[in-house]
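J.: Please see the structure below; I have some questions.
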Amino acid sequence: MSQLRIAAVGDVHLGEDLRGRYRSRLSGIEEKADVLLLAGDLTRHGTLEEGKVVAEEFRDLPVPVVAVLGNHDHHSDKPAEIAAMLKDEGISVLHDDSVVLDVKGVRLGVVGGKGFGGGFAGKCASEFGEPEIKAFVNHTKRIADRWRVALKELQADRRVVLSHYSPVNDTLAGEPLEIYPFLGSYLLAEAVDSEGADLILHGHAHMGTEKGLTPGGIRVRNVALPVLGRAYGVYCLGEHGEDPDHC
Amino acid sequence: MEAPQYVAARVQSALAEDDRTHELGVRVDVRGDQLFLRGQVGCEERRELIADVAGEAAPGLVVHNEISVVDVREPGGEERL
């Protein structure tokens with residue numbers, strides 16, 4: 001089976017003031033990667049104007065593009081409209097569901113969505129008490145359940161989970177401990193560990209760390225742009241070939 | 001005199017909620033009459049707007065804008081998993 005090169009970045013926070021700047025870094029992406037995954041917070045305020053900039057920045061690339069939205073993309077209550085703008089430009093947008101791409105004859109399955117917070121095992125919120133707290137925790141539980149179903153039903157050779165919020169606390173190192181419950185939830189990792197995946201990508205934690213692991217041993221990468229410091233990370237999935245230095 | 005922790009919290013909330021900024025990742029520290037801002041943003045215009053909003057939320061403090069602009073470097077080599 002061919003190896004796959006997964007390019008990924010999140011938290012590009014585009015707007016009119018950054019129009020064209022990111023696009024210039026995408027030239028030649030087909031030589032470095034087979035697919036580009038966008039891990040949410042594509043805009044800053046979640047406006048339709050910013051959504052248009054995002055759609056124009058990532059359209060007509062020589063590799064398929066799959067995106068999820070982030071909390072910033074929800075701020076103006078237009079996530080469905082922004083997703084539709086991206087889809088009109090040929091960009092797949094996941095909302096707790098999946099897409100399967102044929103890449104070099106390999107079926108690459110991508111499952112995911114925005115994700116949500118709540119905290120990490122032993123230090124997290126529970127569905128208890130006031131309705132506001134219950135709603136907060138229940139939102140994450142429902143998302144995790146939908147990911148579990150999407151992964152169970154996925155028919156693919158390689159499986160990648162794409163999220164905005166983090167499924168583990170490894171990749172939050174550098175963020176203040178006090179805000180971890182707003183940065184992710186272990187329920188997301190638990191769902192993915194139960195069904196299996198080759199890689200989980202997320203953003204959201206600008207001051208975090210790139211590399212982590214789920215309790216089940218799945219590699220996690222925080223691809224928030226401020227963490228990467230480069231236009232995108234590239235992660236190679238597959239059997240090791242004859243040349244250990246190249247995918 | 002207002003405790004500096006409350007001033008810093010007010011500035012942080014303003015940076016998150018003001019339509020000009022919506023920045024969640026800015027660190028705000030108050031020491032005496034000095035206000036320090038640290039973090040990263042995408043361009044110089046956003047960096048300046050953060051200082052404007054912070055200054056309005058904490059009038060009378062001297063704003064030290066130590067926020068840097070993210071330099072989007074070329075992508076590097078891939079990581080084999």
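The values are calculated or read from the model by the stated rules, or taken from the named source; none is laboratory data. If you're wondering where the values come from, they're calculated on a predicted model, not measured in any experiment. Here the Cβ positions follow ideal geometry from the backbone for every residue, glycine too, while neighbour counts run over all protein chains shown. Areas reflect the complete protein model, heavy atoms only, side chains present, ligands, DNA and RNA absent. Shrake-Rupley method; radii C 1.70, N 1.55, O 1.52, S 1.80 Å.
J.: Show the residue pairs meeting these rules: Cβ distance below 6 Å; 6+ apart or different chains; first residue within segment A:109-122 and more than 22 Å from A:SER98 (Cβ to Cβ); second residue β-branched (Val, Ile, Thr).
T.: Taking only residues 6 or more apart or on different chains, the pairs are A:GLY118/A:VAL137; A:GLY118/A:THR140.
J.: Could I ask something else about it? Which condition number does A:HIS75 fail, the rest of (1) more than 9 Å from chain B (Cβ to nearest Cβ); (2) open to solvent by 60 Å² or more (accessible area, probe 1.4 Å) being met?
T.: (1)
J.: Of all residues in segment B:16-37, which are under 20 Å from A:GLY203 (Cα atoms) and not small (Gly, Ala, Ser)?
T.: Answer for segment B:16-37, where residues must be under 20 Å from A:GLY203 (Cα atoms) and not small (Gly, Ala, Ser): B:THR21, B:HIS22, B:GLU23, B:LEU24, B:VAL26, B:ARG27.
J.: Can you pull out the residues in segment A:2-33 that are open to solvent by 10 Å² or more (accessible area, probe 1.4 Å), under 15 Å from B:ARG80 (Cα atoms) and either more than 9 Å from chain B (Cβ to nearest Cβ) or of a type in the set (Asp, Glu) (or both)?
T.: A:SER2
J.: Okay, next question. Please count how many residues of segment A:34-52 are among the charged types (D, E, K, R) and either at pLDDT below 95 or over 30 Å from A:CYS236 (Cβ atoms) (or both).
T.: Within segment A:34-52, residues that are among the charged types (D, E, K, R) and either at pLDDT below 95 or over 30 Å from A:CYS236 (Cβ atoms) (or both) number 4.
J.: Does A:ALA189 qualify as being more than 24 Å from B:GLU79 (Cβ to Cβ) and small (Gly, Ala, Ser)?
T.: When the stated conditions are applied, A:ALA189 does not pass them.
J.: Suppose we filter B:ARG47, B:ARG31 for residues that are touching a residue at least 12 places away in the same chain (Cβ under 8 Å), under 9 Å from the mean Cα position of the chain (by Cα) and more than 8 Å from chain A (Cβ to nearest Cβ); which single one remains?
T.: Selected residue: B:ARG47, the only one of B:ARG47, B:ARG31 that is touching a residue at least 12 places away in the same chain (Cβ under 8 Å), under 9 Å from the mean Cα position of the chain (by Cα) and more than 8 Å from chain A (Cβ to nearest Cβ).
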